[in-house]
Amino acid sequence: MNTMSMLSASALAALLGMTVALLPAAALEPAPQTASVAAPVPAAAPAPMPLPGSAGTQVSGVDLAQQIEAAIAKSADPAVAEVGVTDHYAIHEVRRLKPGPAAIHMGSTEVHLILAGGGTLVTGGKMIAGAHGNSIEGGVSHTLKKGDVFLIPENTPHMYSAIDGSLDYFEVRFATAAPAAISR
C-alpha cells in the first residue's frame, strides 16, 4: 500500500495547513446510477510506483506553468499539467475556466487542493446523462476557494458547476481498490 492511500484528508490538511471539506456520511452511500461512468482512457500502461527509498520525483513550477499554457493554447478546458501518473496514483495541476460535466472514478479517491480562484463543486447525488454531458441530480454544493482541500470518495459523482473567473487546483487521484482500477 502506498503512503498516499494511507493519508487521511485531515492528516493531509494538517500537513498543508489547509481547510478540509468532507462529505456527509449519507453522501458516502452509493446511489443507483442511470448514466454511464467515466471510463478509463485507453493509453499506454502507467509507470509503476517509484520504489521505496528512491530519490523521488520533482516537476518544476515553470514546467507545470508551461504545460498549462500549452493546453490553454490548444483551447483545452480544463487545462492539465502532469506531475506524475503511475499504476497507483495520478497527480495533475488543473486549471478550469468554465464548469465541466459530471464524472465518477470507479475504485479511486480524489483530493483537490485549491491553489487559486474558486468555484462550486457538486458531489454525491445521482449522475444523469444529458445532451451536453453528464450532470448531477440531488448532489450537495460546496463553495471552494484558495487554500481549501476537498476529498472526493471513490465512486462519488462530482462536477464543478460554477467557476469564479478561473480555478487552479492540484488533483491527486489514488487507487482505493486494485491498482489497475485507477482511471485518468
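Here are the numbers for this structure:
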{"read-out": "Filter result (out of contact with any Phe, Trp or Tyr (no Cβ under 8 Å at 6 or more places or on another chain) and within 14 Å of Glu171 (Cβ to Cβ)) within the stretch 97-109", "value": "Ala103, His105"}
{"read-out": "Of all residues making up the stretch 112-130, the number that are out of contact with any His (no Cβ under 6 Å at 6 or more places or on another chain), of a type in the set (A, V, I, L, M, F, W, C) and crowded, with 18+ Cβ neighbours inside 10 Å", "value": "4"}
{"read-out": "Meets criteria (among the β-branched types (Val, Ile, Thr) and under 11 Å from the mean Cα position of the chain (by Cα)) for Val122", "value": "no"}
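Read-outs throughout are calculated quantities, based only on the coordinates presented, and are distinct from any laboratory measurement. Being a predicted model, the structure only gives us computed values, none of them experimental. Every residue, glycine among them, receives a Cβ derived from its backbone with ideal geometry; neighbour counts consider all protein chains shown.
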